[in-house]
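Notes follow the structure.
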Amino acid sequence: MAKIKLTLYVTGQTPNSQRAIANMQRISEEELGGEYELVIVDVLERPQLAEDERILATPTLIKELPPPLRRVIGDLSDTEKVLLGLDLQVAPAQSNYVEGGD
Amino acid sequence: MSTTGQMVQVEKLRTGIPGFDEISNGGLPQGRTTLVSGTAGSAKTVFAVQFLAAGIEESGQNGVFVTFEESPADIRRNMGSLGWDIQEWEAEGKWAFVDASPHPGEETIAAGAYDLGALLSRIEHAVRKVDAQRVSMDSLGAIFSQFESATTVRGELFRIASALKEMHVTTMMTAERTQEYGDIGRFGVEEFVADDVVILRNILEQEKRRRTIEILKFRGTTHHKGEYPFTIIPGEGIVVIPLSTLELRQKSSDVRVTSGNAELDNMCNGGFFRDSIILVSGATGTGKTLLVTWFIAGGAANGERCMLLAFEESRGQLFRNAIGWGVDFERMESEGKLKVVCEYPEVMGLEDHLIKMKAAIDEFQPNRLAVDSLSALERVSTVKGFREFVIAMTSFIKHKEVAGLFTSTTPTLLGGTSITEAHISTITDSIILLRYVEMFGEMHRGLTVLKMRGSKHDKDIREFTIDGEGMHIGKAFHNVSGILAGALTHIPPGEMERIGGMFQDSGGGS
């Protein structure tokens, strides 16, 4: 399985950002099984990175690898939507119908 | 507002957009956000770009452009034709883009609560990076369509507007509206930036497009009310025509200048005033262009600079006719005394004509200006637009202290007035009527000075003739009445003598 590369853009210590970080760590452990690399970027400290990636909403999660590039916004509280949005193969219990998104 | 009992003056930031600073009494309220609302094609993006461009060019203020709709590449390319080199300003650190435009093929899925903190952080970063004093955001509708929750977006835009206020930046946000006359904007955006609202319109009136700008409100400060026409000129951008801000403050001269014809000068008690506006009205073929030709010849003979704006005849025709009357336009032009501008009225809208005329007058600096004919311009405009045009033009040339001679073609051969006269007659200082006079199966031409402000003038209706040397004014039509009304009656000589005896001829005539 190819390595998953994720970047999570947050804004400082806002509740949404804190929740997103916590949710992401949970999803990573529970669903992605350690085969991932997660970078957390605080756009208040690194606004130029947000500019380069054209981030509007925070939190924003970007999956760079494996392709295709996908973006998910929000505090990531809806695990199903996060996995759907990232277009990642999920646990066997889930349906295989993950094409597209909504 | 912590200050009580103390007047807090709303400071304005001069935008540098031609005409806008006049109608806004000095510019946009400084440090606040102004909403610019308009339908599709109402030049919102041009206005937003020009706000920054004028800041860089006129007052050395840098700007940040937040684009929600078009990509920066598109904006750079589209605005290049208006003479703004955005790429160069970016390289010089005067302009920064915040690209918030949607990218095709990249879908974003929402999984939980979010805000636009990243956008705010990017805008703040860009403002600090170029030390911006102006920010334009174009256009809000596009960001509402990128996110599902309109409530979140509205709240976040409010947060961005407040943050920019904290940074003492003057901001312009554009928003779409669906009708020219109706709600200010969709999405309820006016609720959070309701302090200052400007509306751009692109109205279809009698098959003609007319652009107008209206300042709907400026909280706590003054502005001119109502719609003002504007146009977009390549190399300049938006130019607002500030009609009602024109001031009746021109000086008045009592120096007389020649009309180019000694007999007409006599009728006017020594000639026209130097900075007056003269309207010549007559049916087709009564000799209006002849009067114009001699007005110019008279000026050139005195060493004055003359300008002729012709809307009915081509250069070739004008020059040939002038030669026929003994006036050599070609030589005058080569000597730099004359500039002839010929144009079909239909080539552009009246607003563009006005701006072109102003530019031509500013460049040539004439002492005399003739427009032949003003009524030809009626064709390309609505009645309201034409009236505004006439007022703006006459006011402009009065400020320049230029003698203006305008001609107006009346629609009927005998008598009659035109729309032009109805709009212009009160603005003009003198009116000369040229009329056909039918006498026993023959057409004669009659001329009279109907009014002349601040001067005595001949009250007779005189016959005038045209030959190879120009025009000659002869004796009065004493045995005809009803010329002006177009309903002539001939009075027998016996009756004339009797009436003459009754009133004891006061010794008029020349």
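Using the 2.2 N^0.38 Å rule of thumb for compact globular proteins, work out how the range B:84-126 stacks up: its C-alpha Rg over that value, please.
Numbers: Rg = 14.5 Å, N = 43, 2.2 N^0.38 = 9.2 Å.
Taking the Cα Rg and dividing by 2.2 N^0.38 Å, one obtains 1.58.
State the volume of the convex hull built on the alpha-carbon positions of the range B:90-183, expressed per residue in Å³ and rounded to an integer.
Details: hull volume 12.9 nm³, N = 94.
Roughly 137 Å³ of hull volume per residue.
Evaluate peptide B:118-130: per residue, the Cβ atoms of other protein chains within 10 Å of its Cβ; return the mean as an integer.
6
Could you work out the mean count of beta carbons from other protein chains within 10 Å of each residue's beta carbon in A:75-82? Intermediate values should be presented prior to the final figure.
On the way: counts 6, 4, 3, 4, 2, 1, 4, 3.
What the average comes to for A:75-82 is 3.
On a 0 to 90° scale, report how tilted helix B:44-59 is relative to the longest principal axis of chain B, with both axes built from alpha carbons and the result rounded to the nearest 10.
90
Please report the net charge: other residues with Cβ closer than 15 Å to the Cβ of residue B:83, K and R +1, D and E -1.
Working: positive: B:76, B:77; negative: B:57, B:58, B:85, B:88, B:236.
Within the 15 Å Cβ shell, the charges total -3.
Using only the alpha carbon atoms of the protein assembly as shown, find the Kirkwood hydrodynamic radius as the inverse mean reciprocal pair distance, in angstroms to one decimal. Walk me through the numbers before you get to the answer.
Details: mean 1/r = 0.0343 Å⁻¹.
Kirkwood hydrodynamic radius for the protein assembly as shown: 29.1 Å.
At each listed q (0.26, 0.29, 0.31, 0.34 Å⁻¹), what is the log10 of I(q)/I(0) that the Debye formula gives for the range A:1-45 modelled as equal alpha-carbon point scatterers?
Here log10 of I(q) over I(0) equals -0.92, -1.04, -1.11, -1.21.
At what distance in angstrom do the alpha carbon centres of the range B:312-376 and the range B:37-84 lie from each other?
So the two Cα centres are separated by 35 Å.
What does the charge count near residue A:65 come to, summing +1 for each Lys or Arg and -1 for each Asp or Glu among other residues with Cβ under 10 Å from its Cβ? Display every interim value, and only then the final one.
Working: positive: A:3, A:5, A:63; negative: A:37, A:64.
Surrounding charge for residue A:65 is +1.
Could you work out, residue by residue across A:22-29, how many beta carbons of other chains sit within 10 Å of that residue's beta carbon, and then give the average as an integer?
On the way: counts 0, 2, 0, 0, 0, 1, 0, 0.
Mean shielding count: 0.
Taking only DSSP H segments of four or more residues, each worth -39500 (n - 2.57), what value at 222 nm results for the protein assembly as shown once the sum is divided by all its residues, to the nearest 500 deg cm²/dmol? Before the final figure, lay out the partial values.
Numbers: 18 runs with 186 residues, N = 612.
Helices in the protein assembly as shown give a 222 nm mean residue ellipticity of -9000 deg cm²/dmol.
Could you tell me what % of all Cα pairs in chain B have separations over 39 Å?
Working: 53259 of 129795 pairs.
It works out to 41 percent of all Cα pairs.
Run down the lysines and flag those whose C-alpha is under 25 Å from the C-alpha of residue B:339, throwing out any fewer than 8 positions away in its chain.
Straight-distance partners of residue B:339: B:288, B:356, B:358, B:398, B:400.
Determine which lysines satisfy two conditions relative to residue B:12: a Cα distance under 27 Å, and not lying fewer than 8 residues away in the same chain.
B:44, B:94, B:129, B:165, B:217, B:225
Starting from the amide H of residue B:36, placed 1.01 Å from N in the peptide plane, find each other amide H under 5 Å away whose residue is 5 or more places distant or on another chain.
Those lying under 5 Å, H to H, from residue B:36 are B:173, B:174, B:175, B:198.
Compute the long axis of helix B:288-301 from its Cα atoms, compare it with the longest principal axis of the Cα atoms of chain B, and write down the angle in degrees, 0 to 90, nearest 10.
Its long axis makes an angle of about 90 degrees.
Dividing the alpha-carbon Rg of the range B:27-179 by 2.2 N^0.38 Å yields what? Before the final figure, lay out the partial values.
Numbers: Rg = 14.9 Å, N = 153, 2.2 N^0.38 = 14.9 Å.
Relative to the rule-of-thumb radius for its length, the range B:27-179 sits at 1.00.
Under a straight-distance cross-link criterion of Cα-Cα below 16 Å, which lysines are reachable from residue A:63, leaving out those fewer than 8 residues away in the same chain?
Filter leaves A:3, A:5, A:81.
Readers should treat all values here as calculations from the given coordinates under stated rules, not as data from a laboratory. Quick caveat, the model's predicted, so the values are computed rather than measured. When we count neighbours, we look across all protein chains shown, and the Cβ atoms used for this are built from the backbone with ideal geometry, even at glycine.
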